[in-house]
1. From zero up to wherever the largest Cα-Cα distance of the range 446-506 sits, split into 10 Å bins and tell me the percent of pairs in each.
2. Tell me, 377, 160, 310 in order of fewest to most beta-carbon neighbours within 10 Å?
3. What's the extension gain from residue 223 to residue 37 if we count 0.36 nm per residue and subtract their Cα-Cα distance?
4. So what's the convex hull volume per residue for the Cα atoms of the range 270-326, in Å³?
5. Whole-Å semi-axes of the range 223-275's equivalent ellipsoid, largest first, each the root of 5 times a Cα gyration tensor eigenvalue?
6. What does the highest-first list of 42-50, 466-474 look like by mean Cβ count within 10 Å?
7. Please give the per residue volume of the convex hull enclosing the alpha carbon atoms of the range 54-154, rounded to a whole number of Å³.
8. For the pair residue 148 and residue 339, how long in nm is the line joining their label points, each one 7 Å along Cα→Cβ?
């Protein structure tokens with residue numbers, strides 16, 4: 001039957017089996033159609049007889065019932081697997097195919113039946129009124145159909161949802177369900193472009209502000225924030241976070257002349273205070289996830305407030321309400337960052353051994369501080385300085401040698417400060433936070449570790465090298481940095497004896513450029529003398545270049561000698577005397593680190609990926 005079915009489909013004659021069923025339909029016809037392998041292809045091909053049959057009210061209701069109602073069987077009978085699995089799946093696939101006549105009929109019958117609560121939409125959206133937990137499979141089918149209908153005719157579906165005010169509340173009960181969460185995001189981000197095409201956010205789409213106002217009036221933001229309660233599960237916290245982050249991302253990219261009322265509500269002082277109260281409520285067992293996923297939302301909101309130019313005039317009291325509220329909670333965040341309760345130990349492969357974990361919530365706090373420092377408000381950065389936040393982040397960088405997530409974040413913070421025209425803040429990082437001293441000490445300790453048996457350089461050394469390059473780059477344009485570096489007793493020695501050899505291995509100069517193709521910089525060292533890397537390395541480079549052919553000749557001789565040895569060994573293979581195998585070289589330490597950007601070859605191969613958060 002498969003061959004003839006394919007033949008008839010290719011000839012556009014349709015499926016003979018389906019056509020025969022539709023000649024004399026009865027109560028069993030729909031189920032038999034759902035069992036046929038050609039039903040989906042025939043639906044996509046717009047088989048007229050089939051579409052007309054499926055579009056009848058009684059058949060649409062039955063299809064919807066298969067995806068909304070769990071199969072029930074008597075306890076003394078085996079379950080009907082077709083009813084339990086196949087019928088719901090095929091029904092969902094049919095209803096997800098955007099067949100205009102089927103969708104139009106669903107909406108038309110909904111209008112006719114609204115008065116007696118027998119509408120098909122009623123059956124679909126009443127599914128969300130069920131108690132938790134929802135059936136994962138059926139919830140995915142219902143959410144997908146609801147999303148398709150919403151995209152097909154937003155005014156009709158949104159009008160129905162506005163009339164049935166309990167729908168939004170029912171949906172919000174199931175934020176622990178990822179399928180329902182995705183549908184909620186689509187409701188919030190439904191949009192139309194100037195040509196009247198429907199879609200879900202992004203691109204050139206324009207968000208319907210009336211929808212946002214309706215959702216805002218429905219108290220959707222306070223309800224979402226309330227799900228951050230430590231009494232809820234980690235899954236709920238994560239899903240709520242994802243909903244809010246998606247909302248922020250889509251609304252920020254939407255074409256609009258005003259700030260969304262939902263964003264305004266989310267950034268309001270009462271909502272922010274409520275979120276912080278959940279984040280630092282120690283009564284629940286999931287406080288860590290509240291902090292992590294709460295800060296992720298705050299970081300998403302912070303990115304809306306980054307200025308293009310550095311603001312030196314706005315005081316803390318005159319900051320936007322959202323930023324001012326955040327500044328009022330810096331102390332509690334810093335205390336949490338400095339809090340170390342019996343740090344979790346993680347065992348990494350040799351030669352690293354056991355290390356201390358930072359913790360996901362502390363990593364997120366550092367990221368939050370880094371983004372906040374990039375907001376380009378002098379008053380905020382001054383507050384971070386006075387509270388010792390920069391110093392705490394820099395210290396953590398060196399306290400945890402193997403956490404690359406932490407190192408990347410702190411390096412980004414430092415690079416951001418050095419890249420801006422903030423002289424006092426640059427000196428604060430270098431001098432008050434003791435960055436230069438910590439760099440020199442960390443390099444010394446890393447070198448000592450490397451010299452040990454099976455030793456490895458510390459995981460932060462690649463990031464340290466990148467920071468050093470940024471510092472040297474700033475020294476050429478900043479008189480205050482140049483003066484401080486020249487006055488530092490150990491810096492010039494560190495540059496010549498540690499940094500320079502590292503950059504030579506990488507083939508880079510002191511500005512991070514390829515030293516073989518770009519002009520080398522001339523640096524002024526302590527005492528006013530000038531140092532040109534080319535002058536010192538010229539003879540050595542010429543010697544290396546002229547010896548390349550000799551090295552290849554020597555390698556060829558060694559290979560030839562080895563081959564001769566193998567030949568001789570094969571010739572003597574009949575000897576009864578067993579040869580003593582040569583001692584193998586001691587294996588090098590296993591690479592336990594994912595190389596990160598700007599790492600040296602040695603450093604990238606000896607640092608672990610990260611500790612467990």
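1. 19, 46, 26, 7, 1
2. Working: 377 25, 160 21, 310 13.
With the sparsest Cβ surroundings first, the list reads 310, 160, 377.
3. So the chain would gain 62.5 nm between residue 223 and residue 37.
4. Values: hull volume 5.0 nm³, N = 57.
That works out to 89 Å³ per residue.
5. Values: eigenvalues 106, 39, 6 Å².
After scaling each eigenvalue by five and taking roots: 23, 14, 6 Å.
6. On the way: 42-50: 17.2, 466-474: 20.6.
Peptide ranking by packing, descending: 466-474, 42-50.
7. Working: hull volume 11.5 nm³, N = 101.
Spread over its residues, the Cα hull of the range 54-154 gives 114 Å³ apiece.
8. It is 4.9 nm.
Only the coordinates and a few stated rules stand behind these numbers; no lab work does. Remember, it's a predicted structure, so these values are computed and weren't measured experimentally. Using ideal geometry, Cβ is built from the backbone for each residue, glycine included, and neighbour counts are taken over all protein chains shown.
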